[in-house]
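In what follows, a single structure is set out as structure tokens and then discussed.
The values are calculated or read from the model by the stated rules, or taken from the named source; none is laboratory data. If you're wondering where the values come from, they're calculated on a predicted model, not measured in any experiment. Note that we place each Cβ from the backbone using ideal geometry, even for glycine, and neighbour counts take in every protein chain shown. Calculation scope for accessible area: heavy atoms of the full protein, side chains included, ligands and nucleic acids excluded. Shrake-Rupley method; radii C 1.70, N 1.55, O 1.52, S 1.80 Å.
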Amino acid sequence: MTGLGTTQVAATQNQRPEDASSSAKPIRVMVADDSVVARVVARRALKAAPNIQVVAAVADGQSAINRLPTARPDVLILDIEMPIKSGLEALPELLALDPALKVVIVSSLTKRNADICMTALRAGASDVLAKPASNPDAVATFSAELCTKVLNLGSIRRPKQNSTGADAALTARPRPTTRASTHNWGEIAAIAIGSSTGGPQALTATLNKWSAQGATQPVFITQHMPPMFTRSLAEHIARISGAIAREAVHGEVVEPGRIYLAPGDMHMQVADKHGAIRIMLNDGALVNFCRPSVDPMLMSLAEAYGSRLLTVILTGMGKDGLRGVEVAAAAGSSVIVQDEASSSVWGMPGAVANAGLAHEIIPIEFMADRLAELARGRRRHVA
């Protein structure tokens, strides 16, 4: 097993499923990986976690398809490279058998595998996770993140019991209030986007044909992903947006109309240096158990752009971005979050909405048009 990638350490303090308890039905998990070592590591981590039951472990994609009806997993841990039928080949059949199945793709950190993982996400996988290097710290980090992803994704799939014992959707929450009707939408000089689980799909919807929208502002994105994966994501965004999009480079001058993605394992910030706004990257301490983290990006952008910053929080687990939004909103930034119904996980946007910081909460299918009209200076309110 090679290639520790993600430094988004999934500590339960940050991304604890809302209804995890010892009395809840365990989340059923199947592991599909042709590596015996990988299966052992995954099963050991999952079996040690509360409320998780490993119901099957198979060595190829066809076996995963065959076992799915009887194993009935809530979450599938799916390797990319397997004999007989690869994870990518098996994925459409698995989702056809169970459209509600949550699939976490695991892969070694290579450019080829990162590209394949991006294809898997577009095909319906819920999340990706880099396989760890064979050292205890890397395995511990992988195990913690794997368990957190399983608990969160499994809880989303599962209905929960209300006080009368009736099933209720996990996504049911108090309706958040918005301040769109009273907010003064001002000039937009830069756009910041934070996202995590489900983010690649949401970013695709948001930035599809972005250059044709006529927006000239730079766009800064922090997506929780490991190295290599963020490079593939940047290349994908460049293709679908028609804009210049790439992983940010330390010290480069921010240019109008370009899209900057925080590289995996690096925080991305900006600073006014020598009379120009420049990208500042660092591999400092994890923030909200993440690197890259949305919070430092937003805080630096708020300082650089103030009320001319448009802040967008898309789907994702945990609360990363909440503190950054607080700082940005205090500086006058406009704040838009993805709505619950269209989010894979309403953790990050939900935290902002429930804190009363969102000026608008809108479905992802309207996000691109809304951002473009604000970027072009149109101020109409969304009903």
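Annotations for the structure displayed:
- In this structure, the amide hydrogen of Arg28, modeled 1.01 Å from its nitrogen in the peptide plane, lies closer than 5 angstrom to those of Gln53, Asp74, Val75, counting only residues at least 5 positions away or on a different chain.
- Rounded accessible area of Ile244 (nearest 10 Å², 1.4 Å probe): 90 Å²
- Largest first, the residues Asp33, Asp265 sort by 1.4 Å accessible area into Asp265, Asp33.
- Placing unit charges on each Cβ (+1 for Lys and Arg, -1 for Asp and Glu) gives segment 257-383 a dipole about its Cα centre, and among Met268, Leu374, Pro292 the Cα reaching farthest toward its positive end belongs to Leu374.
- Model label zone, Glu89; criterion: amide N under 15 Å from point 7 Å along Cα-to-beta-carbon; scope segment 100-139: none
- Helix content alone sets the calculated 222 nm mean residue ellipticity of the chain: runs of n ≥ 4 DSSP H residues at -39500 (n - 2.57) each, divided across all residues, give -10500 deg cm²/dmol.
- Probing with 1.4 Å while keeping every protein chain in the model, the per residue accessible area of segment 214-350 equals 33 Å².
- Only Lys, Arg (+1) and Asp, Glu (-1) charged, at Cβ; segment 285-378 dipole about Cα centre in debye: 220 debye
- With all protein chains modelled, accessible area of Ser344 [1.4 Å, Å²]: 50 Å²
- Formal net charge of residues neighbouring Arg291 (Cβ-Cβ distance under 12 Å; K, R +1; D, E -1): -4
- Distance in nm between pseudo-label sites at His274 and Ala96 (7 Å out along the Cβ direction from Cα): 5.7 nm
- Partners of Lys273 within straight-line reach, counting lysines whose Cα lies under 25 Å from its Cα and excluding those fewer than 8 residues away in the same chain: none found.
- Protein accessible area in the chain, 1.4 Å probe - carbon and sulfur %: 52 percent
- With each label modelled as a point 7 angstrom along the Cα→C-beta vector, the Glu303-Lys111 pair spans 3.5 nm.
- Between amide H atoms placed 1.01 Å from N, distances below 5 Å from Val103 occur with Leu76, Ser126, Asp127, all of them 5 or more places distant or on a separate chain.
- Gyration tensor verdict on segment 213-332 (Cα atoms; rounded if a/c is under 1.5, prolate if a/b is larger than b/c, oblate otherwise): rounded
- Residue order for Arg67, Arg28 - accessible surface, 1.4 angstrom probe, largest first: Arg67, Arg28
- Length added when fully stretched, Ala341-Thr216, from 0.36 nm per residue minus Cα-Cα: 42.0 nm
- Pair-distance distribution of the chain: all C-alpha pairs, bin width 10 Å, starting at 0; shares per bin in whole percent are 5, 25, 34, 24, 11, 2, 0.
- Taking Cα centre as origin and charging only the Cβ of basic (Lys, Arg, +1) and acidic (Asp, Glu, -1) residues, the dipole magnitude of segment 202-357 rounds to 260 debye.
- Leu109 accessible area, 1.4 Å probe, all protein chains in place, Å² to nearest 10: 40 Å²
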